[in-house]
Structure formats: structure tokens, C-alpha cells
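Participant: I'd like to ask some things about the structure below.
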Amino acid sequence: MNYDSLVMMIHDFGYAALFFALWLGIVGIPIPDEVIVMTGGAVTANGILLVIPAFLLTYLGVISGLSLGYVLGRTMGEKIVNRLRRRQKFDKYFLISDRLMQKYGKFALSISYLLPIVRHVMPYLVGLHRMKFRHYALFAYTSGLIWTFTFFTIGRFVGKHIEEIGKLIYNYGIDILVLVLIGLVMLLIVQILKQYRGHKERG
């Protein structure tokens, strides 16, 4: 599924498309989460959806997926984790998640947002280790809010370049995200300076 397909879904199903795409995305369907969230921002910039409802449904989709992953890890335990680890591409991400949890404890939930795939397997793992839900929610939901706000805002600026940026972030992680954020800040500064000069010339 790509940017154009997501926009078509949003045209057909509205805010619900964002919720269900994120809910399913967090638990493993092959749609980059960054692309979905940025698309949510983009469709508010061009007037298809309203900003506040779109953001709220996007965030609810994220935390619903996180909650489902935690519940599955806690209730199905080793059965579901072992099934996922048998897939070679997932096993290394479980190893990374294990190391993060051993080194950073609960803060590993926040760090996992910066690492594609790792953020998908982390809810299963902390559920398996029976972390208290209130601790899980505090770190996962707070980090999820910051993550959602960041990519939603990026989407409002980058428009049709969403798919390319999503692939770069998915492949190269936080380094590309930092570059994108720096670029957006520079663009914002340029726009503010242009507006300031325009007001000054008219004055």
C-alpha cells in the first residue's frame, strides 16, 4: 500500500481509515507507520480532513495497536513470541529489543519508537515479561504522542514526498528523521523571514 492508496482510503472512509490503518500497522501489517501518520497530516493540509479529529484518530490508532500488542504478549506469552522469532527477519529485532530492555528498562519503550520493526515487537516482549500496564502505558503512550505529533506535522509540509521520506526513515532510521526535521525548521525560518520582510516593506 502506498501514499495514493491511503489517500483513496481516506476519501472513502474518512477518519476511520487513519485509525484502522495505524491500529493494524502497529501490530504488523506491511504499511510503514510513518507514511500513514504523515499522510494524515497531508490530508489535513489540503483540506480533506480537519486537523484535530484527524490527529486524535491517528493517535488513537497508534495506542490501540500498542495496547493490542501488549495484551497479546501478556495473554499468549511465549507462544506468539516464539512463533514470530522463528521468522529470521524478526528474530534479530527481538534480540535488539531484549538488549534495549536490559540496558534501559522502561525507557526502552521510548527508544524503540526510533527503530522501525523494533517498535512493533517491543509491545509483545514487554507483555511477555509482564510489565505492569500502567508503567507500559506511561512510557508507550507518551512516546507515541510525541512520535505521532512529529510525523503528523512533517506530513503537513512534505505532501507528495511522503512515500519517499517514509522509505528513507524506514531504511536509515533516526539519522534521516533528524535531517528532515532540520530541513523543516530551516524552511519555517525562511517563511517567517519572508513574511517579516513583506510586512516591513508594506509598513
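Participant: What's the long-distance tail for segment 1-110, i.e. % of Cα pairs beyond 15 Å? Can you show the working numbers first?
Facilitator: On the way: 4114 of 5995 pairs.
Tail of the P(r) past 15 Å holds 69 percent of the pairs.
Participant: Got a sec to turn the phi values of segment 137-142 into Karplus ³J(HN,Hα) couplings, 6.51 cos²θ - 1.76 cosθ + 1.60 with θ = phi - 60°, whole Hz, x for Gly and Pro?
Facilitator: Result, rounded to whole Hz: 5, 4, 7, 6, 6, 5.
Participant: Between GLY14 and residues 5 or more places away or on another chain, which pairs have amide H atoms under 5 Å apart, with H built 1.01 Å from N, and which residues are they?
Facilitator: none
Participant: Run the numbers for HIS161 and MET186: contour at 0.36 nm per residue of separation, minus the present Cα-Cα distance, in nm.
Facilitator: 7.3 nm
Participant: What are the residues whose amide H is under 5 Å from the amide H of ILE117, where those residues sit 5 or more places off or on another chain and H is modelled from the backbone?
Facilitator: Those lying under 5 Å, H to H, from ILE117: there are none.
Participant: Net charge near LYS79: determine it from the other residues with C-beta under 14 Å of the C-beta of LYS79, scoring Lys and Arg +1 and Asp and Glu -1.
Facilitator: +3
Participant: Still on this structure, I have one more. Can you tell which of PHE157, LEU56, LEU114 lies farthest toward the positive end of the dipole of segment 3-172, using +1 and -1 charges on the Cβ of basic and acidic side chains (Lys, Arg; Asp, Glu)?
Facilitator: Towards the positive end, the residue furthest out is LEU114.
Participant: Continuing with this model, one more query. Can you pull out the trypsin sites (Lys or Arg not before Pro) in segment 63-148 whose DSSP state is coil and whose Cβ has at most 16 other Cβ atoms within 10 Å?
Facilitator: Details: sites: ARG74, LYS79, ARG83, ARG85, ARG86, ARG87, LYS89, LYS92, ARG99, LYS103, LYS106, ARG119, ARG130, LYS132, ARG134; in loops: ARG86, ARG87, ARG130, LYS132.
In loop regions of segment 63-148 (DSSP not H, G, I, E or B), the sparsely surrounded trypsin sites (Lys or Arg not before Pro) are ARG86, ARG87, ARG130, LYS132.
We did not get these values from a lab; they are worked out from the coordinates using the rules stated. Just so we're clear, the structure is a prediction, and the values are computed from it rather than from any experiment. All Cβ positions, glycine included, derive from the backbone under ideal geometry; neighbour counts span all protein chains shown.
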